[in-house]
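Structure first, then comments.
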Amino acid sequence: MEAEPPLYPVAGAAGPQGDEDRLGVPDGPEAPLDELVGAYPNYNEEEEERRYYRRKRLGVLKNVLAASAGGMLTYGVYLGLLQMQLILHYDETYREVKYGNMGLPDIDSKMLMGINVTPIAALLYTPVLIRFFGTKWMMFLAVGIYALFVSTNYWERYYTLVPSAVALGMAIVPLWASMGNYITRMAQKYYEYSHYKEQDEQGPQQRPPRGSHAPYLLVFQAIFYSFFHLSFACAQLPMIYFLNHYLYDLNHTLCNVQNCGTNSQGILLGFNKTVLRTLPRSRNLIVVESVLMAVAFLAMLLVLGLCGAAYRPTEEIDLRSVGWGNIFQLPFKHVRDFRLRHLVPFFIYSGFEVLFACTGLALGYGVCSVGLERLAYLLVAYSLGASASSALGLLGLWLPRPVPLVAGAGLHLLLTLSLFFWAPKPRTLQHIWILYTVAVLWGVGSALNKTGISTLLGILYEDKERQDFIFTIYHWWQAVAIFTVYLGSSLPMKAKLTVLLVTLVASAASYLWMEQKLRRGVVPRQPRIPRPQHKVRGYRYLEEDNSDESDAEGERGGRGDCAEEEAPPAWPRPGPEPAGLYRRPCPYEQAQGGDGPEEQ
């Protein structure tokens with residue numbers, strides 16, 4: 001089989017006729033300079049452009065996969081370490097032998113308080129941090145704080161665990177808000193790179209049709225949440241391969257438990273104070289924590305090395321140049337938008353249902369009846385069900401937009417009503433298949449919920465100037481819901497199920513009402529994004545055609561303070577009128593001796 005000829009001839013190589021080409025010009029080292037550095041005679045501009053944008057699209061896919069894998073590893077390490085730490089510190093013998101009278105339960109309660117209470121203030125600083133550091137660097141910084149929390153467990157003391165837990169609580173909302181913003185921006189960039197010919201025909205200032213990036217957003221969000229839900233399974237690996245070998249069986253740990261399921265009160269009332277048959281060696285604990293630390297460091301490297309920037313540098317400058325006071329205020333001003341107000345119940349329910357799966361369902365129904373040694377397998381079933389079902393979000397490509405989100409809510413409604421009337425008996429394994437089925441189905445509903453909400457926000461708010469504010473509001477309400485669950489952890493199971501059911505019905509009704517308003521043509525009221533104010537008036541921002549103009553600015557280009565051209569003066573200028581828009585020459589033009597754009 002003959003080798004394919006190279007696409008372009010090598011400069012200076014002998015032509016088909018020896019040392020001279022067909023025009024009689026010498027080739028090789030004796031060739032003229034134009035022949036060596038000039039354009040290739042068979043250069044195909046269209047083919048090169050196609051290859052260039054294909055590399056760009058592959059780069060976007062690499063960004064999405066790297067961000068998804070980084071988020072999965074980060075959250076998996078955090079959940080796995082926290083779960084293992086709380087089980088070890090719960091055991092009376094472990095506390096007395098390892099730490100004496102240091103007060104580990106008090107430290108754990110303050111640590112959980114730091115993780116759950118600190119995000120309440122995140123609405124005040126998250127948009128400022130994302131605009132200051134940029135989306136990618138905010139992700140990297142937040143993942144680094146998660147790694148810091150892991151590292152403090154090498155030396156478990158009050159002054160290491162509690163401050164790191166507070167820092168972790170401060171990083172929760174910025175991490176997931178920047179992740180949601182990043183995936184949405186990647187979908188928009190993939191559309192631009194896939195339809196570059198249409199962009200060339202429309203011009204750089206024309207925004208793409210509304211909703212044009214929605215198919216790519218559905219695919220990218222499905223990929224992201226498939227990875228994210230796998231983090232719950234990754235978190236169980238320390239339990240399965242390490243801690244389960246030290247646990248008592250259910251006959252010992254559940255000997256004093258009387259009620260489970262809907263009849264239970266609080267979290268595992270009557271659970272035995274000793275759950276470890278033998279204490280793990282300190283050396284083994286250090287090995288496990290070192291593995292977790294290495295995985296957290298790998299997540300940092302994934303975000304740092306493989307995730308590209310979400311915005312061009314000049315776009316980052318524009319996003320920061322609207323003023324820090326405006327950046328601080330804009331999340332609150334977006335409350336004017338009726339779409340966000342109608343989605344707030346769904347934001348709250350999204351936080352409720354994840355915590356219920358990890359605490360109410362896994363502990364109140366699972367551990368309470370089949371023992372602590374099967375906790376990991378229940379959460380793995382939930383994780384795999386949610387991860388596989390994230391692909392169901394792609395149904396939005398063919399079905400009406402409300403169908404996946406309402407289907408997930410309907411599935412959770414049926415499961416919640418069923419759990420109202422089910423009280424499994426303690427220390428009984430006959431119904432374990434029901435627990436696994438409920439866990440998988442709850443994961444299916446969670447996947448439809450998370451994928452549907454994130455995709456909906458990316459479709460409703462396409463302006464790149466708003467996306468970080470919108471995802472900050474979404475994840476802040478999730479943090480508020482998680483804090484509420486933390487406060488109500490001692491409530492009876494029936495009260496928890498009632499709150500979950502009421503929130504679910506209210507969220508579904510509110511969302512359908514919002515869709516009805518949009519179908520009637522009700523125009524949402526959005527706060528105006530101020531025009532960027534650049535303190536350094538460099539030549540980059542004095543061109544007539546501003547290629548970095550944002551979409552919102554392009555729509556407001558002919559109005560008042562958003563106009564690109566300066567208003568004419570009230571008095572006539574002396575001398576002849578310039579042909580175009582007058583400005584002073586920039587320093588580069590002055591150094592070249594020119595008089596500005598008029599000189600050819």
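Summary table below
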{"quantity": "Matching entry among LEU441, LEU487 (being open to solvent by 10 Å² or more (accessible area, probe 1.4 Å) and either within 19 Å of LEU218 (Cα to Cα) or at pLDDT 95 or above (or both))", "calculated": "LEU441"}
{"quantity": "Wholly within the range 145-237, helices (runs of 4 or more DSSP H) carrying at least 1 residues that are under 20 Å from the mean Cα position of the chain (by Cα) and among the β-branched types (Val, Ile, Thr)", "calculated": "158-194, 214-234"}
{"quantity": "Listing of helices (runs of 4 or more DSSP H) fully contained in the range 304-422 that carry 1 or more residues being among the aromatic types (Phe, Trp, Tyr) and open to solvent by 20 Å² or more (accessible area, probe 1.4 Å)", "calculated": "324-333, 338-355, 375-389, 402-420"}
{"quantity": "Scope the range 120-171; condition out of contact with any helix residue (DSSP H, G or I) (no Cβ under 7 Å at 6 or more places or on another chain) and on the phi > 0 side of the Ramachandran plot; matching residues", "calculated": "none"}
{"quantity": "Answer residue from the range 220-244, given it is open to solvent by less than 20 Å² (accessible area, probe 1.4 Å) and polar (S, T, N, Q) and is farthest from GLY76 (Cα to Cα) among those", "calculated": "GLN221"}
{"quantity": "Answer residue from the range 250-305, given it is hydroxyl-bearing (Ser, Thr, Tyr) and under 30 Å from MET72 (Cβ atoms) and is farthest from the chain's Cα centre (by Cα) among those", "calculated": "SER282"}
{"quantity": "Condition check for ASP463: open to solvent by less than 10 Å² (accessible area, probe 1.4 Å) and either over 30 Å from ALA309 (Cβ atoms) or not β-branched (Val, Ile, Thr) (or both)", "calculated": "no"}
{"quantity": "Filter pass, THR498 being β-branched (Val, Ile, Thr) and touching a residue at least 60 places away in the same chain (Cβ under 8 Å)", "calculated": "no"}
{"quantity": "Count of residues meeting criterion [buried (at least 17 other Cβ atoms within 10 Å of the Cβ) and either among the basic types (Lys, Arg) or free of Cβ contacts under 8 Å to residues at least 40 places away in the same chain (or both)] in the range 249-270", "calculated": "0"}
{"quantity": "Complete set of residues in the range 63-104 that are open to solvent by 30 Å² or more (accessible area, probe 1.4 Å) and among the acidic types (Asp, Glu)", "calculated": "GLU92, GLU96"}
{"quantity": "Failed item in (1) touching a strand residue (DSSP E or B) at 6+ places or on another chain (Cβ under 9 Å); (2) within 30 Å of ARG531 (Cβ to Cβ); (3) not acidic (Asp, Glu), with LEU457 passing the rest", "calculated": "(1)"}
{"quantity": "Filter result for THR278 (open to solvent by 60 Å² or more (accessible area, probe 1.4 Å), of a type outside the set (A, V, I, L, M, F, W, C) and either in contact (Cβ under 8 Å) with a residue 12 or more places away in the chain or part of a helix (DSSP H, G or I) (or both))", "calculated": "yes"}
{"quantity": "Complete set of residues in the range 87-107 that are touching a residue at least 24 places away in the same chain (Cβ under 8 Å) and either within 28 Å of the chain's Cα centre (by Cα) or in a helix (DSSP H, G or I) (or both)", "calculated": "ILE87, LEU88, TYR90, GLU92, THR93, TYR94, VAL97, LYS98, TYR99, LEU104, ILE107"}
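The values are calculated or read from the model by the stated rules, or taken from the named source; none is laboratory data. Small disclaimer: the values here were computed from a predicted structure and weren't measured. So basically every Cβ, Gly included, is an ideal-geometry build from the backbone, and we count neighbours across all protein chains shown. In case anyone asks, the SASA skips ligands and DNA or RNA and just uses the protein heavy atoms, side chains included. Shrake-Rupley method; radii C 1.70, N 1.55, O 1.52, S 1.80 Å.
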